[in-house]
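Below: one structure, written as structure tokens.
The values are calculated or read from the model by the stated rules, or taken from the named source; none is laboratory data. On a predicted model such as this, the values are computed, not experimentally measured, just so you know. Ideal geometry is used to build each Cβ from the backbone, glycine not excepted, and the neighbour counts take in all protein chains shown. Quick note on the areas: whole protein, heavy atoms, side chains included, nothing else; ligands and nucleic acids left out. Shrake-Rupley method; radii C 1.70, N 1.55, O 1.52, S 1.80 Å.
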Amino acid sequence: IMVTLTIYKEIIMKTVGLITEYNPFHNGHLYHIQEALRVTGADTAIVVMSGDYVQRGVPAIMPKRLRAEMALKCGAGAVFELPVCYATGSAEYFAMGAISFLDRLGIVDSVCFGSECADLSSLQTVSGILYSEPDGYRELLKKYLKEGRSFPSARQAALAEYTGREELASLLNDPNNILGIEYLKALKKLNSSIVPFTIRRIGSHYHDSTLSGTCSSASAIRSLLAYSGSSLRTERSGQTFENASYTNLLGALEDQVPGCCMELLKDYHRVSYPVYQNDFSLILKYKLLNKRPGNLTRYMDVSEELAGRICSRLNDFFNYKQFCELLKTREITQTRINRALLHIMLGLKKDRIQKYIDGGYHFYARLLGIRRDSEKIITRISAKSSLPLLIRLSESSLLPEPGQKMLRDDILASNLYTSVVTDKFKTAFQNEYKQALLKV
């Protein structure tokens, strides 16, 4: 009887997928994990997380394994790394990379994402229009682009005019709504059986830069951490902590992050974080010094116009963040510029990424960490997934050539990040090949 019950439980086990960055992990993320398990009725949550660089085109404030450990201690069953070419892509690339990964795992029943509106029906309506691009909508989009609007602005205006419903178009004002719409588009494109759920994002707005209540935004927490060591300030932010001590600064976070995460923040402060865009300034300048406009357009998110601006303004380069701001125009968003320069620095070229997409988006599932009480996930994925489970990099020789190239992109990006961390904090360098699987 016990054997029968065990098999039956395995058959009906439900898994929810979460698409995350945890930059850094805070109370809102804990709420997301708990609510995702509740609303979907799932037994476990599998996380696909950006690695050492995030979707807005900047390095994560702390290393991926530290962020993964926080997630595991707060209830995630397993954390997988989203390949860097998708983690640093536009909302569309990011979403397609993440959803296709969850789909290929073979055991994910649902995906649950946060949104500002928490209205799945409206998000589905918008995603349907943006996915199918009816003729009327497409013509309106062309019209607004010709007027010189940025793509996000033109898309929102076209959607408002096409539907005659300003409230639908206004969903594109909020970043989590936008990502949610892209997740839904990706599910449609893949004809995936994964069922979508959304929950309302709680607490501060995504862009709020000051702490508020007990669910502040990741932006506000990063702003505080920017002042967490006077000798290590490499950029300034909107909030001022001029006279605050290190203890007071981290103490201000005690109501904002789970207790287990607070311990990790204290243990690794000025050992492996905080890390900023400007810490990579010399690396980026080195990469740009020997480039011409024709070379630059080979990289993701780099248009001919932007390539020309990069080369013409290079003598005005002072630091990474300042140069991004210098390149901004009415037509090119700051985030697009951030991503373009990051792709140049990491060597992420359009033709190579197109080959990854043509090959099915993914070639392996790289596991960063797992809870000890969830290790059966490994068995289930090994049995049901079309992707080889990559726990040790030494196993990568069995991957097809595109998979090996994709993995080399990931390894280079992580080793570069680790090199910056070790130089900044004077700690020992540990090559990506030497990193062990996290078990919590």
**Request:** Go through (1) under 28 Å from residue 268 (Cβ atoms); (2) out of contact with any helix residue (DSSP H, G or I) (no Cβ under 6 Å at 6 or more places or on another chain); (3) touching a residue at least 24 places away in the same chain (Cβ under 8 Å) and name the single condition residue 426 misses.
**Result:** (3)
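Okay, residues lined up against (1) more than 28 Å from residue 16 (Cβ to Cβ); (2) part of a helix (DSSP H, G or I); (3) of a type outside the set (Asp, Glu):
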site	(1), (2), (3)
131	no, yes, yes
137	yes, yes, yes
149	yes, no, yes
161	yes, yes, no
168	no, yes, yes
171	no, yes, yes
**Asked** Can you name every residue in the stretch 143-163 that is modelled with pLDDT under 95 and open to solvent by 80 Å² or more (accessible area, probe 1.4 Å)?
**Response** 146, 147, 149, 151
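Give the residues of the stretch 391-415 that are open to solvent by 40 Å² or more (accessible area, probe 1.4 Å) and not acidic (Asp, Glu), sorted by residue number. Reasoning before the result, please.
Initially, the stretch 391-415 is screened for residues open to solvent by 40 Å² or more (accessible area, probe 1.4 Å), giving 391-392, 394-395, 397-398, 400-402, 404-405, 408, 412.
391, 392, 394, 397, 398, 400, 402, 404, 405, 408, 412, listed by residue number.
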**Asked** Are any of the residues in the stretch 164-178 over 19 Å from residue 333 (Cα atoms), open to solvent by less than 70 Å² (accessible area, probe 1.4 Å) and touching a residue at least 60 places away in the same chain (Cβ under 8 Å)?
**Response** no
**Prompt:** So which residues in the stretch 416-431 are surrounded by fewer than 16 Cβ atoms within 10 Å (Cβ to Cβ) and not aliphatic (A, V, I, L, M)?
**Reply:** 419, 422, 423, 426, 427, 429, 430, 431
**Message:** Consider the stretch 376-387. How many of its residues are part of a loop (DSSP other than H, G, I, E, B) and without any contact (Cβ under 8 Å) to a residue 12 or more places away in the chain?
**Reply:** 0
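From the list 190, 282, pick out the single residue that is at pLDDT 90 or above, out of contact with any helix residue (DSSP H, G or I) (no Cβ under 7 Å at 6 or more places or on another chain) and more than 17 Å from residue 25 (Cα to Cα). Step through it out loud before you land on a result.
Values: 190 fails: out of contact with any helix residue (DSSP H, G or I) (no Cβ under 7 Å at 6 or more places or on another chain).
Exactly one residue qualifies, and that residue is 282.
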**Prompt:** Which condition number does residue 211 fail, the rest of (1) farther than 27 Å from residue 40 by Cα; (2) part of a helix (DSSP H, G or I) being met?
**Reply:** (2)
**Close pairs from the stretch 260-282: first on the phi > 0 side of the Ramachandran plot, partner aliphatic (A, V, I, L, M), Cβ under 9 Å, at least 6 apart** = 270/232
**Complete:** Exception for residue 292 within (1) at pLDDT 90 or above; (2) within 26 Å of residue 89 (Cα to Cα) falls at (1)
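Out of the helices (runs of 4 or more DSSP H) lying entirely within the stretch 272-375, which hold 2 or more residues that are surrounded by 21 or more Cβ atoms within 10 Å (Cβ to Cβ)?
Values: elements: 281-289, 293-296, 304-312, 320-327, 334-346, 350-358.
Output list reads 304-312, 320-327, 334-346.
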